[in-house]
Amino acid sequence: MANAKGKGRNVRRSSGRRKSRPKVRFSIWGLILLFALAFAACFILYMVKANLDEDFLEEEFGTSSVVETTTENTEETEEPTDSEESEEETTAPRGEITNPVPQSEAAEAGYFDNSCLITDSTLLKMAEFTNFTDVIGSEALNALNCNSTKVETNYGTVTVYETMQIKKPENVYIMLGSDIGTAPTDEMIENYSKLIDNIHSARPDMNIYVMQYPPVKAEGEDNSKNELINDYNSKLLAMASKYQVYCIDTNTALKNQDGTIAPEFLDEEGKFNETAYSTVTGYILTHVAS
């Protein structure tokens with residue numbers, strides 16, 4: 001029985017070799033797919049979080065989200081402030097201008113060193129009687145033709161505008177109006193305005209003083225010329241304020257109580273004497289804009 005049992009039993013002998021396990025194959029495409037799926041899942045979770053939580057971006061990056069707006073939309077929706085409107089209306093490089101210029105402390109003696117006078121026949125002899133020696137003008141120059149008439153200067157025969165472009169003085173005083181009564185006032189003012197505008201646009205840093213035209217003697221009982229002068233001067237004042245340049249009332253400085261020029265300012269020929277020129281320069285020095 002023992003032998004029978006022994007015969008029926010299968011005896012398996014170990015060969016000493018281990019059975020090899022099946023090899024795991026490495027697939028690069030499988031790895032890429034796995035990475036892509038993981039990235040997609042993270043991205044979806046991130047976007048869901050960002051949309052549900054308004055403060056997510058600020059917490060994540062420490063900055064607020066910025067919505068871009070175009071300049072055009074801003075310009076259409078924003079109303080200009082009062083200060084912006086005033087800046088658009090004025091081209092003056094300095095503060096608010098008060099015309100006519102009020103009395104000021106007298107300027108120093110060297111004030112005229114960097115000042116220039118543009119004039120017609122009215123103040124043409126200024127340099128002969130005062131220390132305001134830089135005078136540009138001629139008998140032919142007037143308000144009507146001030147943009148086209150050329151005058152002789154150290155820079156050649158040029159217009160007064162061209163002279164200002166070359167000289168570039170700090171202060172320029174302008175006295176024009178010898179054609180009052182012979183030319184239409186509105187046309188005079190129109191051409192005068194063009195000169196002021198051209199100079200001011202080209203040299204906004206220059207102090208431009210428009211000088212009101214002085215009174216004249218009455219012709220007997222006829223004082224109509226002075227009425228024309230008064231009308232002209234009121235338009236000069238408006239012109240100066242429009243272009244934001246200065247205006248000084250040199251008319252009142254020479255006027256008598258009856259509205260004509262005071263006799264002490266005229267020589268025997270009825271022209272300005274030394275007293276008149278001295279009075280004008282004194283008025284200029286005590287009416288300097290701050």
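The values are calculated or read from the model by the stated rules, or taken from the named source; none is laboratory data. None of the values given here were measured: they were computed from a predicted structure. Note that we place each Cβ from the backbone using ideal geometry, even for glycine, and neighbour counts take in every protein chain shown.
For beta carbons closer than 6 Å, sequence separation of 6+ or different chains, a first residue in segment 256-273 that is over 17 Å from SER178 (Cα atoms) and a second that is among the β-branched types (Val, Ile, Thr) and surrounded by 14 or more Cβ atoms within 10 Å (Cβ to Cβ), the qualifying pairs are GLU264/THR275; PHE265/THR275.
Against the definition (without any contact (Cβ under 8 Å) to a residue 40 or more places away in the chain, touching a Phe, Trp or Tyr at 6+ places or on another chain (Cβ under 7 Å) and in a helix (DSSP H, G or I)), how does ASN226 come out, yes or no? In short, no.
Sub-8 Å Cβ pairs linking a first residue in segment 146-163 that is under 14 Å from LYS194 (Cα atoms) and at pLDDT 95 or above to a second residue that is small (Gly, Ala, Ser) and surrounded by 15 or more Cβ atoms within 10 Å (Cβ to Cβ), at least 6 apart or interchain, are THR149/SER138; VAL160/GLY137, ordered by first then second residue.
Please give the helices (runs of 4 or more DSSP H) falling wholly within segment 111-223 in which 1 or more residues are under 22 Å from the mean Cα position of the chain (by Cα) and among the β-branched types (Val, Ile, Thr).
Values: elements: 126-129, 160-167, 185-202.
Because the criterion is at least 1 residues that are under 22 Å from the mean Cα position of the chain (by Cα) and among the β-branched types (Val, Ile, Thr), the helices (runs of 4 or more DSSP H) in segment 111-223 that meet it are 160-167, 185-202.
Looking across segment 195-227, the residues that are charged (D, E, K, R) and either under 27 Å from LEU285 (Cα atoms) or surrounded by 18 or more Cβ atoms within 10 Å (Cβ to Cβ) (or both) come down to ASP197, ARG203, ASP205, LYS217. Against the numbered list (1) assigned to a loop (DSSP other than H, G, I, E, B); (2) under 29 Å from SER148 (Cβ atoms); (3) in contact with a Phe, Trp or Tyr (Cβ under 8 Å, 6 or more places away or on another chain); (4) not basic (Lys, Arg), ALA289 comes up short only at (2). Here LEU141 meets the list (1) of a type outside the set (Gly, Ala, Ser); (2) crowded, with 20+ Cβ neighbours inside 10 Å; (3) touching a residue at least 40 places away in the same chain (Cβ under 8 Å) almost entirely, failing just condition (3).
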